[in-house]
Amino acid sequence: MKTQKHDVIFFSSDVLAATGLCEVFSHLPVKLKILAVEDMHDIVFHCEKHRPKLIVYLFHENMALGGVLQRIFIHQQNYPDVRQLVITCKLLPIFSALTEYFSTFNVISLKTPLAELSWVLTAELMGLRSQLLKESYADVMLSDRQLKILLMLSWSYSADQVGQRLGITDKTVYAHKLNALARLQINSRQDMADLFAVIDELRMIVTMLRNRPKEKEMAEARTDNIMPPLVWKNAR
């Protein structure tokens, strides 16, 4: 039996949001075969099976982000020709910053108006990408020390304990922490909790990006992966 190809695979952490997203897809001016998955782990299997044009992740406020950055990064490495779109309000500046390094990755706010969301989805399916304002990007390229301090703080170490292990004063620990949080645009306790849930993954990604600083330019220059054409709905 021939495998049915899907144009879009999407995961939503909220049932009502998933229903709303399906409604948005149904009103796009293109014919699509869409597959909704209940677990992010299933995306890898279905991506290998169907090779979709687009994967959409919708992370609602109730979504725990642990493991998310790692899965997105691994997917980017394994399927660089399959576009990824994150829809969320959680750590939006950090997700946005990653679009600077991954040419087929994009993110928009969960609060985006439906008309604009429809436009973004259509553009992504065409192999294009809308850009957020530059001011909304975090600076994720923190120093190794800053990343290590945030990681140790996420383990519930006190500033004094961190300082003792790194051979610096607690005041220096606080200074590094405040500088890092400002660069990452962490502005609330919820932002802090979300950051601590993914800081180990972010540290891994930043380390790899630092070792491959030209990855963005190489990805943007690649022209061998041509996306199949869309099938447009008949005008009525």
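Take the residues of segment 1-51 that are without any contact (Cβ under 8 Å) to a residue 24 or more places away in the chain and of a type in the set (S, T, N, Q): which is farthest from Ala64 (Cα to Cα)? This residue is Ser26. The residues listed here are Leu54, Leu85, Leu65, Leu98; of these, the one that is in contact with a strand residue (DSSP E or B) (Cβ under 8 Å, 6 or more places away or on another chain), surrounded by fewer than 21 Cβ atoms within 10 Å (Cβ to Cβ) and not aromatic (Phe, Trp, Tyr) is Leu65. Residues that are part of a loop (DSSP other than H, G, I, E, B), in contact (Cβ under 8 Å) with a residue 24 or more places away in the chain and either assigned by TED's automatic domain parsing to the domain that holds Leu98 or not aliphatic (A, V, I, L, M) (or both) within segment 144-196 comprise just one, Gln185.
Residues in segment 86-123 that are of a type outside the set (Asp, Glu) and without any contact (Cβ under 8 Å) to a residue 12 or more places away in the chain: Pro113, Ala115, Trp119, Ala123.
Anything in segment 78-92 that is under 11 Å from the mean Cα position of the chain (by Cα) and of a type in the set (A, V, I, L, M)? List them, or say none. The answer is Leu85, Val86, Ile87, Leu91, Leu92. Applying a threshold of 6 Å to beta carbon distances and a minimum spacing of six or more residues, or different chains, the list of pairs starting in segment 64-85 at a residue that is assigned by TED's automatic domain parsing to the domain that holds Leu98 and ending at one that is of a type in the set (Asp, Glu) reads Leu65/Asp194; Leu69/Glu201; Gln70/Glu201; Arg83/Glu124; Leu85/Glu124.
If the condition is being of a type in the set (Val, Ile, Thr), over 15 Å from the mean Cα position of the chain (by Cα) and closer than 19 Å to Asn106 by Cα, then segment 35-62 contributes only Val44.
The values are calculated or read from the model by the stated rules, or taken from the named source; none is laboratory data. Quantities reported herein were computed from a predicted structural model and do not represent experimental measurements. Don't worry about glycine lacking a Cβ; one is built from the backbone with ideal geometry, like all the others, and counts go over all protein chains shown.
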